[in-house]
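So the structure is just underneath, and the comments pick up after that.
The values are calculated or read from the model by the stated rules, or taken from the named source; none is laboratory data. As the structure is a prediction and not an experimental result, all values here were calculated from the model. Backbone-built Cβ (ideal geometry, glycine too); neighbour counts: all protein chains shown. Accessible surface is based on the protein model in full, side chains and every heavy atom, while ligands, DNA and RNA are left aside. Shrake-Rupley method; radii C 1.70, N 1.55, O 1.52, S 1.80 Å.
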Amino acid sequence: MFAKAFRVKSNTAIKGSDRRKLRADVAAVFPTLGTDQVSELVPGKEELNIVKLYAHRGDAVTVYVSGGNPILFELEKNLYPTVYTLWSYPDLLPTFTTWPLVLEKLVGGADLMLPGLVVPPAGLPQVQKGDLCAVALVGNRAPVAVGVAAMSTAEMLASGLKGRGFCVLHSYQDHLWRSGDKSSPPSIAPLALNPPDLSEGKGCVKADTALQGAMRQLTLEEEVQQRCEEKSPSEATEDPGPGGLHVDPMDSKTLQEQMDELLQTCFLHALKCYVRKADLPLLTSTLLGSHMFSCCPEGRQLDIKKSSYKKLSKFLQHMQQEQIIQVQELSKGVESIVAVDWKHPRITSFVIPEPSPTSQTIQEGSREQPYHPPDIKPLYCVPASMTLLFQESGHKKGSVLEGSEVRTFVINYAKKNDLVDADNKNLVKLDPILCDCILEKDEQHTVTKLPWDSLLGRCLEKLQPAYQVTFPGQEPIVKKGRICPIDITLAQKASNKKVTVVRNLEAYGLDPRSVAATLQQRCQASTTVTSAPGLKDSVQVQIQGNQIHHLGRLLLEEYRLPRKHIQGLEKAPKPGKKK
């Protein structure tokens, strides 16, 4: 279902009543979950969003997102867990096992065929047709796919393990998984099972037709697996370790300990580099979503649920006990950071990681290219009214000059024509040409001298504006007029919802569709690219909600555009206020 990109229709914060209903639905659909586990999966206070989207085949799907990861999705009023949820609760569904080679087919949208199943010593899980099931790989109990059984376990065995076994709805590495933090499956050891005792005929498998067919298929799969293991050394080194994790054999830390360390690194990095005193009080959800996630090193994924803290609130309580921050509940159910001790040894001694060279890339077409801001230089164009002044230097109407060239010419003109006042070198006498070029009509009989700075300033004002844009590796482009800044505005829809609108990205070499895709991921909000009203051959990007804070960080810190070329940043939401 999610083998291809989907289209987001809306992304909104869940209401209290919908949160309670979702919790009740989860408890009803997954009765094996205890009350505490249901509350952990559907938190009462932490941010939880409802994302409505259309799959590539047109199916309307509702996705529930918590902590930046999709945790559940609803299709035709049926609720399904994502692989992110199943990694926290691996025993939530009956789990069938297949070979690692099969995963690639599942990611591509294929269903799981029965010949691909691995029959464990204890036999296959007992399910009925239509039951919700999980699929894991040999050697790791962490599920990599979610599907619906196409037949009962008895029918599977009766068929000799042939035919379609499961209709797969979602898998690790599909586009729903990509909408989250893109973390790899944890390594969960298979359940310990005593091998069958074959001595004196004990534990022998009954040689009925169905099981004989299953075992023949297993033999074939073992041959496939053996061929897979015979790959060249270079191919073998590219394969991830157990559960898809690239594990350093010298690293004795558990996955949970590594996540604890990453969580603290992102927290200290955010406080040291991005959070300022003026930002306080700062919503804890804003700290996580707007600062900590962006501080995660390249190639790593921050997932609080895989840490020992499990929840952001528990982690921040621990940081408060260390007296790094102070957290208060300023409004019911909403926690904010109200104080930060920036002189705390853990902050002052924190070393900021070196940024990756690929961190400043934007998607352009099907390949990633580094973005570098253009060099923008103001120029001046000679109008018809000032041709007499500049004709001595060979310039005519329409000639383009830099500011330094204008200054040099005016100074030389004044000295050459003996216009510098003999009694006061700071004054310049105005000859008829200067009077006609820079004085207003009512000044021409009253003003006879001007200071140097006033003369040069008036001269620049009378020239027509122009500018030169030079993109890396390209020839300079000269255009008349002033370059339009990137314009950021807030608009109110008929539904009373706010949207952030961005225009003029193309003038700075930015692809609006690439920027929209980046913002959709950062803000977890729907984005659209439409024609800009009143502007020919120009488009605008719309993002749901007030996303000026995210947009400002993207343009200023990652794309490194000068602030003077961006207008509207002052409209960003104030800390503590709802977007």
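How do F471, F315, F293 rank by accessible surface area computed with a 1.4 Å probe, from largest to smallest?
My answer, sorted largest first, is F293, F471, F315.
Apply 1/(1 + (r/R0)^6) to the Cβ-Cβ distance of Q256 and Q321, taking R0 = 22 Å, and write down the FRET efficiency to the nearest 0.05.
Details: r = 20 Å, r/R0 = 0.89.
Once the sixth-power term is evaluated, E becomes 0.65.
If Lys and Arg each add +1 and Asp and Glu each add -1, what is the summed charge of the other residues whose beta carbon sits under 15 Å from the beta carbon of Y64?
Numbers: positive: K9, K15, R19, R20, K21, R23, K52, K77, K305; negative: D18, D25, E40, E46, E47, E74.
Taking every Cβ under 15 Å from that of Y64, the sum is +3.
Between L379 and residues 5 or more places away or on another chain, which pairs have amide H atoms under 5 Å apart, with H built 1.01 Å from N, and which residues are they?
Here the answer is A466, Y467, Q468, since their amide H atoms fall under 5 Å of that of L379.
Label A28 and I376 with points 7 Å out from Cα along Cα→Cβ: what is the distance between them in nm?
Going from the A28 label point to the I376 one covers 5.6 nm.
Could you state the accessible area per residue of the stretch 1-116 in Å², with a 1.4 Å probe and every protein chain left in place?
On a per-residue basis, 47 Å².
Do the alpha carbons of any pairs in K397/K441; K4/K77; K21/K52; K377/K441 sit beyond 24 Å of each other, and which pairs?
Violating the 24 Å Cα-Cα cut-off are K377/K441.
So, R0 is 45 Å and r is the distance between the beta-carbons of E557 and S454; what FRET efficiency does that work out to, to 0.05?
Values: r = 40 Å, r/R0 = 0.88.
For R0 = 45 Å, the calculated efficiency reads 0.70.
Taking a label point 7 Å from the Cα of K462 along the Cα→Cβ vector, which residues of the stretch 370-396 have an amide N closer than 11 Å to it?
Backbone N within reach: 383-390.
Taking H as built 1.01 Å from N, whose amide H comes closer than 5 Å to the amide H of K9, not counting residues under 5 places away?
Close amide H contacts, sequence-distant or interchain: K52, L53, Y54.
What whole-number distance in Å separates the alpha-carbon centres of the stretch 56-130 and the stretch 386-409?
72 Å
What accessible surface, in Å², does a 1.4 Å probe find on H269, ignoring ligands, DNA and RNA and rounding to the nearest 10?
20 Å²
Would you list R513, R178, R141 from the most to the least accessible area, probe 1.4 Å? Present the calculation step by step, with values, prior to reporting the outcome.
Details: R513 145, R178 100, R141 50 Å².
Ranked from most to least accessible, the order is R513, R178, R141.
Roughly how much of T95 is accessible, in Å² to the nearest 10, using a 1.4 Å probe?
Surface open to solvent at T95 totals about 40 Å².
Show the residues, 5+ positions off or on another chain, whose built amide H is closer than 5 Å to the amide H of F96.
Here A134, V135, A136 satisfy the definition.
For the stretch 455-579, with the dipole built from +1 on Lys and Arg beta-carbon atoms and -1 on Asp and Glu ones, taken about the Cα centre, which of P485, A572, P465 lies farthest toward the positive end?
Projecting each Cα onto the dipole axis, the largest value belongs to A572.
With a ≥ b ≥ c the root eigenvalues of the C-alpha gyration tensor of the stretch 480-565, is it rounded (a/c under 1.5), prolate (a/b larger than b/c) or oblate?
Working: a/c = 1.69, a/b = 1.21, b/c = 1.39.
Cα axes put the stretch 480-565 in the oblate bin.
Give me the extension gain from E155 to K441: residue separation times 0.36 nm, minus the current Cα-Cα distance, reported in nm with one decimal.
Working: separation 286, 0.36 × 286 = 102.96 nm, distance 9.94 nm.
Gain on extension, E155 to K441, equals 93.0 nm.
Rounded, prolate or oblate: which one fits the stretch 82-169, using the alpha carbon gyration tensor with axes a ≥ b ≥ c (rounded when a/c is under 1.5, else prolate when a/b beats b/c, else oblate)?
Because its axes are fairly even, with a/c under 1.5, the stretch 82-169 counts as rounded.
Rounded to whole Å and ordered largest first, report the semi-axes of the equivalent ellipsoid of the stretch 1-73 derived from its Cα gyration tensor (root of 5λ). List each step's numbers first, then the result.
Details: eigenvalues 110, 39, 21 Å².
After scaling each eigenvalue by five and taking roots: 23, 14, 10 Å.
How many nm is it between the label spots at T470 and S10, if each spot is 7 Å from the Cα in line with the beta carbon?
About 5.0 nm separates the two model spin labels.
Short version: ³J(HN,Hα) in whole Hz for each residue of the stretch 375-386, in order, from phi by Karplus 6.51 cos²θ - 1.76 cosθ + 1.60 (θ = phi - 60°), x for Gly and Pro, what are they?
With coefficients 6.51, -1.76 and 1.60, one gets 8, 10, 10, x, 10, 9, 10, 6, x, 4, 6, 10 Hz.
Could you report the stretch 470-579's accessible area per residue, 1.4 Å probe, as an integer in Å²?
I get 55 Å² per residue for this part.
Estimate the FRET efficiency between D431 and R482 by the formula 1/(1 + (r/R0)^6), using the beta-carbon distance for r and 45 Å for R0, to the nearest 0.05.
Working: r = 31 Å, r/R0 = 0.68.
The value I calculate is 0.90.
Quick one: Karplus J couplings for the stretch 118-135, per residue in order, coefficients 6.51, -1.76, 1.60, θ = phi - 60°, nearest Hz, x for Gly and Pro?
Residue by residue, the stretch 118-135 yields 10, 8, x, x, 7, x, 6, x, 8, 9, 10, 4, x, 5, 7, 9, 10, 10 Hz.
Would you calculate the separation in nanometres between label points at L330 and D423, each defined as 7 Å from the Cα along the Cα-to-beta-carbon direction?
6.5 nm
What is the sum of charges around R458, taking Lys and Arg as +1, Asp and Glu as -1, for the other residues whose C-beta is under 12 Å from the C-beta of R458?
Working: positive: K462; negative: E440, E443, D453, E461.
Residues close to R458 contribute a combined charge of -3.
Cross-link partners among lysines for K343, C-alpha distance below 19 Å, same-chain residues fewer than 8 apart left out?
K272, K277
Would you kindly derive the ³J(HN,Hα) couplings of the stretch 42-59 from the backbone phi angles with the Karplus curve 6.51 cos²θ - 1.76 cosθ + 1.60 (θ = phi - 60°), listing them in order in whole Hz, with x for Gly and Pro?
10, x, x, 10, 6, 5, 9, 10, 10, 10, 9, 9, 10, 5, 5, 8, x, 5
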